[in-house]
Structures are given as C-alpha cells and as structure tokens.
1. Calculate for chain C the 222 nm mean residue ellipticity that helices alone would give, adding -39,500 (n - 2.57) per DSSP H run of length 4 or more and normalising by residue count, nearest 500 deg cm²/dmol.
2. Name the aspartates and glutamates eligible as straight-distance cross-link partners of B:Lys284: C-alpha to C-alpha under 12 Å, and not fewer than 8 places from it in the same chain.
3. For C:Glu184 paired with C:Glu320, estimate the spin-label separation in nm (one decimal), with each label point 7 Å from Cα along the Cα-to-Cβ line.
4. List the distances, in nm and shortest first, from the label point of A:Ala308 to the matching label points in every other copy, placing each point 7 Å from Cα along the Cα-to-Cβ direction.
5. How many partner chain Cβ atoms sit within 10 Å of a residue's Cβ in peptide D:301-311, on average, as a whole number?
6. In whole angstrom, how far apart do the alpha carbon centroids of region B:180-244 and region B:298-323 sit?
7. In Å, the Kirkwood hydrodynamic radius of chain B over pairs of distinct alpha carbons?
8. What list do you get for D:Cys291, B:Cys99, B:Cys247 if you sort them by fewest beta carbons within 10 Å?
Amino acid sequence: MAAKAGPPLNSTLLIGLYRQMLILQHLEKRLMELSQQGILRGSLHLATGQEALPAGACSALKKEDAITVTYRGHGYVLAKGCDINRVVAEILGRRTGLCKGKGGKMHLTDIENGLLGANGIVGGGIATAVGAALSFHIDGADRIAMTVFGDGTLNQGATHEAMNMASLWKLPVIFLCENNLYAEMTPLSESAPVTELTKRMAAYDIRALRIDGNDVMAVRETVADARRRAVKGEGPTFIEAMTYRTCGHYQNDPGTAYRSKAEVAEWQEKSPITRLRQQLDESKVNGLKAIEDGAMKVVEDAIAFALASPEPNVSELKEDLFA
Amino acid sequence: MAAKAGPPLNSTLLIGLYRQMLILQHLEKRLMELSQQGILRGSLHLATGQEALPAGACSALKKEDAITVTYRGHGYVLAKGCDINRVVAEILGRRTGLCKGKGGKMHLTDIENGLLGANGIVGGGIATAVGAALSFHIDGADRIAMTVFGDGTLNQGATHEAMNMASLWKLPVIFLCENNLYAEMTPLSESAPVTELTKRMAAYDIRALRIDGNDVMAVRETVADARRRAVKGEGPTFIEAMTYRTCGHYQNDPGTAYRSKAEVAEWQEKSPITRLRQQLDESKVNGLKAIEDGAMKVVEDAIAFALASPEPNVSELKEDLFA
Amino acid sequence: MTSTFPQAINAALHAEMKRDKSVIVLGEDVGRFGGMFRCTEGLFKAFGEKRVWDTPISESGFIGIGLGAAMTGKRPVIELMFIDFSLVAMDQILNQIAKTHFMSGGNARAPMVIRTQGGGYKGAAAQHSQMLEALFLHVPGLKVVTPSNAADAKGLLTAAIRDENPVLFIEHKQLYSESGEVPEGEHFVPLGKAIVVRPGKDLTIVSYSFTLTLAIKAAEKLAAEGIDAEVIDLRTLNPLDWDTIAISVRKTHKLLIAHEAYGRCGFGADLAAQVQEKLFDELDAPILRVCGEDVPIPFAKVLEDASLPSVEKIVERARELA
Amino acid sequence: MTSTFPQAINAALHAEMKRDKSVIVLGEDVGRFGGMFRCTEGLFKAFGEKRVWDTPISESGFIGIGLGAAMTGKRPVIELMFIDFSLVAMDQILNQIAKTHFMSGGNARAPMVIRTQGGGYKGAAAQHSQMLEALFLHVPGLKVVTPSNAADAKGLLTAAIRDENPVLFIEHKQLYSESGEVPEGEHFVPLGKAIVVRPGKDLTIVSYSFTLTLAIKAAEKLAAEGIDAEVIDLRTLNPLDWDTIAISVRKTHKLLIAHEAYGRCGFGADLAAQVQEKLFDELDAPILRVCGEDVPIPFAKVLEDASLPSVEKIVERARELA
Ligand SMILES: Cc1ncc(C[n+]2csc(CCOP(=O)(O)OP(=O)(O)O)c2C)c(N)n1
Ligand SMILES: Cc1ncc(C[n+]2csc(CCOP(=O)(O)OP(=O)(O)O)c2C)c(N)n1
Ligand SMILES: [Mg+2]
Ligand SMILES: [Mg+2]
C-alpha cells in the first residue's frame, strides 16, 4: 500500500492503528474467555478478522462526529474514544459502565464521544446516524455521522428508507458496510440477488466504493475522503469493505457448519493485524513489543477495573426511564 | 401503435378495453358525486387519467392470477373480474358488498377472482403478492401475481424487502408501478434522488421497463410479456408506467395547490380514453355508442343495486373475526 | 380567541419554532403544502427548508432520523399522518426511541414529539381509524398525550415540545373540525395533570381525547335523570395523574372508563386493574368500561358506529353503575 | 418419550409437514442450518427447498409473503427469531394479517403461524428479552399461544398449524433448555383450553409460558406455609378460556396473575379488569399481579432479575392475598 500511494510510511500513525487493533483483538479474546467462564452474560458477537475497520475508520473521524454501530461494534466504540474501562464495565454489567450496566454490550452509548449507540436490531441504528447528519447539515457544522453495519443489513427496509433520504438531502453521512459475506449462517448469495453491494446504491444515487476492508490504511483514507466530501455538501458515501469474521457469529457458533475450513483458513491468512505487523516489520519500525505489551495492559487494566466495580443497585432499576 | 407494431387492429379487443375504461371512468365520476352528496363515506381516491392501466394490465392476466392493489385500485378490481354490483355495494357499505360492508373501498377483497386485497397502507400489499407468487412457484402452476402501486411506494421499506426476495427466488410476480409523478402533494423529485424508477431496480437485478401508461395496448402487451416470462421461471418484471392523475389525490383535493394548471391540462390532453377513442374513430370502428351506453348502464345498475341493498346488521359486527 | 383544533396546534408549532431554533418539523406533505390536516400551515414559509422537511413515504426512516436529530441537539416534531401508520415504524418508536435514555444509563436523550392522528367515525375503515395508544403505553419509555380540545392541544403540545423525553401526541380526527377558546400567546399545560371537567358525586367517568366529549354529553343526559357524574379528562396517559383519579373514586366509589381504542389490553383495562388493586375497599361496584369493540373497525356506518363508543353507550353503562 | 422443548417443536413441524404438503416453513437460517434454536432441524433435508425457505433479514417482507402464501392455499409456519423483531413487521402482522379475514367479510383466510421466541433472564438486554404478547392481544384478529412445556409445545403447535386463522406462537428462551415427557406420534392440544396444573383452594394463580414454571414452584413453597394455591396454565391467551378461570375464582375468591411482560396494558391488567367486572362479588381481595417492571429490560443481572418475575415475588404477592 505504501508502495502504491508513494508517500513515506507514517509510522506514528501506523503504530497507533496497530495498537488500536491489538487492543480490540485482545479485548475480544478476553471477553470470549469471560463468556466461557460464565462471567460475561448474554450473547457476544466478535469481530475477529475485521479489526482494520474500526481502527481505520475511526482514525479518520473527529470526536464531534457521530457514529452508530451494531452488536459487533466493540472496536468502533473504543476507537471512537470511549473510555475502555467504562466500556468493559458496561460489557460486564457494572455500575461504572458507560450506561450504568443498563444497556449492556449491545447498547453501548456514549453521547460525549459521539457514540449514538450500538444496536441489537439489524438496521436499527442507520436512521439514527442519518438523523445526526441532518442535525449537522442544518447547523452547517464541520461534523459528520457514520453508521456501520453488515452485508445482510441491506435487506432490511429501514436501511433502504434511511439511505434514500440521506441521498435526497445530501446529508453528511458515511455508510460503512462490513461485507463479511455472511449474515449469521446465511451466505450473501442466498439472501440477495445482487451481491456486489455497491451496485445496490444505484437505487439511491449514492457514491459507492468497494475496498479491501482488511487494509487499515485503505479504510482510513477512504473514510477520510468520504468525510471531506460529506462536509463539503457532496452527500453520503457508501463503502463496501470486504472482510471476513474468522470467528463464529456469536460465542456459541464455531462458524464451521456453514463455511468450509479452507475458506476460513484463507481469510485467517489475510488477518489485517498480521498484515499490518508485516508491513511494520518490513519497514523496520521499532518498539512494537512495547506497543503490544501496552495494548495488553490497557485491556487487562480495564477488565480488572470492571471486575472490581460494583454491580448496580436494585434501587437504580427505575431511574433513567425519563430525563 | 397499430401503425408501429404492424398487426391489424384487433377491434374486439380494443372495444373491450375501451368499455372497461369507460366503466371505470363513469363509475368514478358517479362515486365522486355520491361522495359530495354524503352518501359515500370516507376518503375516495380516484384514478382519472390512469384508466388505461387497469384495463390493459388485467386484460393480460388470467382469472387464476392474483393481484393486490391500493386505495386507488377500483379499476383493477373491476377489470380483474369482480362483480361490479358487489364492488359498488361494498364501496357504499352494503351487506351485499364483496366484503359485506366490513372492508370498504380501501379493502376490497375477492379471493374467488384473485383479488387479494386493496390496501390502505402504502406498500402494505406488495409482500402479499410476492407471497402468492411464492405459492404459485411452489406449485409450478401457470399462475402469476401482480401488485400495483404508485411511485411514492418505492420509498417504503416493505417494498424494498419484498422486491429483493421476489428477485432472489425468481418468483412469478409483476411489479406494476403507476408513476403519476406525485405522492399525495409531494412531487417525485422531492422524495427520491433517483426519479427514473427503473434505475432503482438495479438494486434487485429486476428486469425493468418504462412504458407509456396511457397507451392501453402497450400496457397490455408489456404485462402479457412479463407474465410469459414469469411463468417460464424468468422472475419478476418491474413496469414503470408513466401516467398522471388529472384529478386530486382524494375527494377534497382539487389537485391544484401543488401542480400547475398547464401541467394538468397537458395531461388531460393525453387522457388514455380520448386517445383510444381517437384510434377507434380513425379505424372507423362502429357501434361505439352502444358500447358507451352499455358501460353507463352497467355502472348505473350497479349503483342502483347498491343503493337498494340493505346495510349490514349490527348483529354481524362480531362475525368474520375468526374463520 | 376562537380557534379550530388544527389552528391551535399550528399556533403552538409557530410559537415554539420561533422560541427555540432547535425545533424542527418533519413529515409527509408538512412543508410546502402545510399538512394534510393543515396543522403545519405556514411553517415552511416562516422558517424555511432547513427547519421544515417534507419527507418521502418512509415513516420508519423519518422517525428514526428524528431520533438521531434529537440525540444531537434538535427537538424534532414529527407528523405521522395516521397513527395506524405507526405500525411500519414500531421498531424505531418502541425498540429505539422509547429505550434510548434508559439503555444509555441516562447519557443520551431523545427530546422529540411524534404528532399523530387517530380515531374513527368517519368511514375510514380498518387501517385508518384506530386509536393505538395502548401499544405505546405497554412498552415503557414514551410519554403519551391525548388532548380533547383545542386549548389543551396548544398547551399540551407546547409542553411536549419542551419536554426532555420522547412524546407521542395523539390528535383525534373528529376534533379537527371542532373549535374552542384558545388562549393567545404562550399557553402551557403541564404533562401528567388531569382535570375534573365536571364535578359530580354519584360516579366517576374517566376519559380522554374525543371520547371525553362524548362523556361530557353523557354526563349531561345523566344529570337530567338525576345521576350526578364526575367527569375527568386525563389529558396525558403517561405520566398518569393517579391522584386526581383516586380522589374522585374515593368520593364517588364508582368508576366508568371510556375510550375508543380496543378494549383488550387497552388503557381502560390497565386503569381498572390499578384502581381495583389500590382502591379495592373504596369500590361499591365493578369498574365498567366503554371501549371500541374487539374487531377491526368496520367500514359500513352502522357497523362502525356499533363498534365505537357513543353517548348512549356511556349513559347506559353509567346507569348500570349508579 | 423425553424431549427438549425444541425437539418437541421440531417433531410437530416434521409431522405436520409430512401430513399436509401445503405446510411450508420460512425464516432466517431455518433451512440448511436448522434454526438458531434448532427448532427446524432436518426439515430442509426432509422436505427440500420448495418447502423450507431461508430468508434474508427482512421480517416485514417474509411475514408479508407468508400472508400471500396463506391466502393462496399454503400454510406457512414462519420463524421470527426474537419477538422483539416483530416490531419491524408490525404493519404486516397487525394491519394486514390480523385484519385479513374480517376486512374481506370472510372471503379471505390467513391460516399461518408465526413462531417466535421471547423472554428474559439471559442477559440479552432491552431489545432481545421482551415478551410482547399484549401488543398482539390488543389489536384483534390473531390467536396467541404461549406454551409452558415441551408436550404442550408439540400439541399446541400442531393445533396452531391446523387452525384456519393466523396464530402467534410464542416460545420462551428459558424453556428451550427444558425437557419433558412428550407424547410420541400425533399430539393435539386444542387452542383456547387452559389447564389446572395444581388444584388448590386458597387462591388462584393464573400464568403461562415460562412464568408458569415459576408459579408452580411458588405454589410448592406456599404449600409448605400452609397456603393452598390453585395454579392455572392458560396455554392460549386468545381465545381465552374464561370458564376455567371463572370456576377457579368462584372457588378461591382470590386471584393472582403472573407474567413476564410489562405490566402496563399487559395481559394481566386485562384479565384483572375482566374478572373484577364479571366476578366482582366473588372477590375477597384485590386482584394482584406479578409482572415485568415498566422499564426497558436492563442488562446487568441484578437489575434484570429485579425487573422480572421470580418465585419469591409470586410467593410474596400470594401471601398478601391469602
Ligand atoms: C431485525 C433483526 N432481525 C434479525 C436479527 C438477528 N440477527 C442478528 S445479527 C444478524 C446477521 C446480520 O448480518 P450482517 O448485517 O451481515 O452483519 P454481521 O453480523 O455479519 O456483522 C441477524 C439476522 C436482528 N438482530 N434484528
Ligand atoms: C404507510 C403509509 N404512509 C402514508 C400513507 C398516506 N398516503 C396515502 S396515499 C399516499 C401517497 C402514495 O403515493 P404513490 O405511491 O405515488 O401512489 P398514488 O397515490 O400517487 O397513486 C400517502 C402518503 C399511507 N396510506 N400509508
Ligand atoms: Mg455479514
Ligand atoms: Mg404517485
């Protein structure tokens, strides 16, 4: 990639992205363990193999930008700037969590950092992001919204409606589609006649790009460019980021019943973390060990913080229903 | 049109279509009067200027085919073969109506004649038609489904979902879109970035054609061809039929606040009935007066039948909730 | 000043949009055209295209957009043309909007109003005549407001727009043609306060929205028969003004609840369950209800009338009680 | 034969698909994969791709497709993975399917089953834990079935599939891991018949679905304290088996209703309203309810547990009554 574009490797930037990806990878590994130990409740949707997307995309956003993500969005939550201690505490249902333990991991929300919500409903948060973009457009602000979702989400009516309006009104919003080829256990080709998702944007006249979602710099640059266009009033961009979750759909899915071992193995080879690591190695960037250790520590500290945090009080049950 | 295609004018066919259009035109004129007199309750959505569509489209269908239509679908209901007496009785809320007065004009339903329902919800009946097509596909029957809706209906999520599945499964269904350029008082260009509706079908890989919806033979032939393809397993066809309602959206809308007089006048010129009449005249078809008189009489008889019919009994209120 | 109900709504919208530039309006035909029921007349002209948005027929989409706008500092007032159409947007309303504040542990807010219109008696049939407030009361997180007259419409809408929470504001199509005295200038009726519109001692009739007007007429008829009914207009169904109800029931010991929505799992069932639980010993008779019948709303006039509340039905049930 | 709850569902599906070739199955991941909860396992293999349809994530679409198929001779059984997702398909369910037969004056039918899954206690949080039966009881036109055990699941599903009407069939996620004796071969439990699962004389506890299992445990605890509770499993909420309830209340004169759904405008409120109206003089005490609290279902275990029914809560309320 550096070869293609020509500019000198920005090692500070790359190291930052690498670190972000490692944090996510390590956090999710640990969450899986906590789930298996019965400490983490409910279903857990990991993004193993997709780590370049949150890291790359959020690095191109500003704090004032708004995002909505899904149940598979831990990486964005962290990369957008939410405090990892409070994120993990929420995932473990603690009072110190982002949402006081009320929302849980599918509903991580942090207005301060522009996180308008993870979501448990497929397509449920897309209009929210478009609405934030409407706000920013009205204000003429240098702010945009980004919404992240999977390939299967394009089949939901709510997505269609929101995209149509976003384009009609030329709102500053980025539709970041993580095309990991499956929606739960159903391959894309069995849920839609048009599997090249960019083509579907013809219905809305939305600028659409397909990129390698495992190339963190490509993700970053594409989002950055889309952001620039959005604030200039050029309207939304749809980014189809090709990727793959090498893990299962959720903690109890080994991910093997509906995919061949060869297919999974092929994508494991393409892990964005390995790839970036190779680039860094090739460029002889130093100090990676410290970065890696630092990333582990951040995660371990956050888990320790969460585990040491109190559970909510029953007396808080009826609070926060109305403002 | 006869000139273009070359085949000799099929005057029996054309006279039949002409008669069908006249019946609709006259019925709607009389319904408007009954509405103004307070005899017909509720809102009334006329299709003045769009008469070629139901006549042409239904003439290409078989009795066993299924359709779903909208609040603006009186013409299809009649052309599909429903008994006009019972249709008018339903519109006037009589016990002898198609639905015993319970459904009313927005919910005309007649399973015997393949009318799976008019609908009051924009996009509400599209999946129903796709479901009927699924039935026919499973049975390998020589039957298809057709669903009729307006340009504005493409912005509804339910439409999107149903179209995607219809194409995915190559179901025998025709999407007949009456593009009359407005959804209520909102022009198409203010509700969608892509106003050439056929283009939106790229999202579903659905064969899409734009036709002159005021040319009754073009409508008939396009539907007939789409039907042939559907039963052969070639999947759905989307027909964007360009037309215009020269009346208002409903009985209390003069239709002038949001459209220029010139625009309306221009389309009045293009009335499909006038146009067909001219063709018939040019071809020196005889006996039109008798046809016209006959059409009036059918309508007047139906209205007389309906007005003479009893209202439902209050005792029937709780019947038909469950089969 | 005498105003029609839509004029009263319109006045509140004008005033609040002027007062607070974060208030924006979205909906079908609300802009240039001024709204199917004329409630948004003149707003587009007065406030321009950045404040008043004509939307496509995408209720789930534009209600969801309202949420995003609300979470980022706007106060959207959305017109949903018929409450029956809420059913295409239920996920946004009940899974997203209603839960936003709670799920975020209080860090996010959704100050928005969904103005909608419901009710029967007009031959609009099964998909354009419903009163569906119960669906929005069942799932927690929304305030639900149901004005019965033009003045309250103005005052309650003002309060709804200023509220920090999502509010479902249900207008009744029969009330659109009614007029009444409406205070000029700012008029604020707090959410959650019922009003005793007719004091009485023999029984309590609790109602709201258009049915309230039937209840008042029924009370007049009952008075002629020597039955002195107290009539309460709830105005807001959530929050519920329990005290006003309890005081009245403690006085009359008899309760009749009248509303147009389906009876089963309706508002009346809920209130009856609460009252019999909390005021069991105060009740001299079973709590009775006049509700819409549990069938889809029929088109034919005789059937529609039979399926909905009427002055006569209220009088009859009240007689049974008194 | 001992079966798990999903196996019982699966057996009914296999048997009915074999018996009647108009039965088809649609849903997300129901085909090749066999269903997220294994209820449709083996159907695709046994009946092929024309009978078992894997759908895109388009609930409104495939439920609406079910309606069209039902109107043209099929008997679709649709799997809706979580009842919470019904909210994206409400127009199809409540405005279309529920009203089809009535609006057509009886000429159209919609014999279809929507099998879905709801309930809490698993840390699935606010959008994956709800019990929303009340929404489907409020708007008329649907049968609503809520089995509490594997045997009933098989028998009631068989009845639901053979019914000429649309049926919402609600399974509870907590029950999926339960096993029980399930009759082999054809097993048919008619819709609309409740069952007294534990006779008693001091009070009546009415419940259904997973909460019924809590009610039984509560009754055992109460028995140890000398309180003899009669426990009724409603099995079907619409049609409601009023007679079984009335006979019991006439005997015990005290009623406790327990369910997991939100209380406000919930099933319990409705039943309480009906019972106090029709059996006012039979009641020796207010009808009490144990319901889900009126807040979105929280994620953290202590909060979730506090928001949902428990054996203890049922025991406590029962003690208040007895
Ligand atoms: C409305 C709705 N339907 C179904 C589900 C269940 N579900 C959860 S994730 C998922 C698959 C989503 O696929 P995709 O959009 O490709 O995202 P991915 O999980 O692959 O990241 C489904 C069907 C849901 N949460 N919401
Ligand atoms: C879900 C829903 N939203 C809004 C409406 C109100 N409505 C009735 S007709 C109509 C316009 C439909 O436009 P189009 O699809 O172009 O059909 P046309 O009326 O022009 O034939 C609208 C918005 C409705 N009936 N259903
Ligand atoms: Mg995917
Ligand atoms: Mg139109």
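1. Rounded to the nearest 500, it is -10500 deg cm²/dmol.
2. none
3. 4.9
4. Listed shortest first, these distances are 9.2 nm.
5. Average per residue, whole number: 4.
6. Result: 36 Å between the Cα centres.
7. About 20.0 Å, per the Kirkwood formula over Cα pairs.
8. Ordered from fewest to most neighbouring Cβ atoms within 10 Å, D:Cys291, B:Cys99, B:Cys247 come out as B:Cys247, D:Cys291, B:Cys99.
Taken together, the values in this text are just the output of simple stated rules run on the coordinates, not laboratory data. In this text the structure is predicted, and so the values were computed from the model without any measurement. For neighbour counting, all protein chains shown are included, and Cβ atoms are generated from backbone atoms with ideal geometry for every residue, glycine included.
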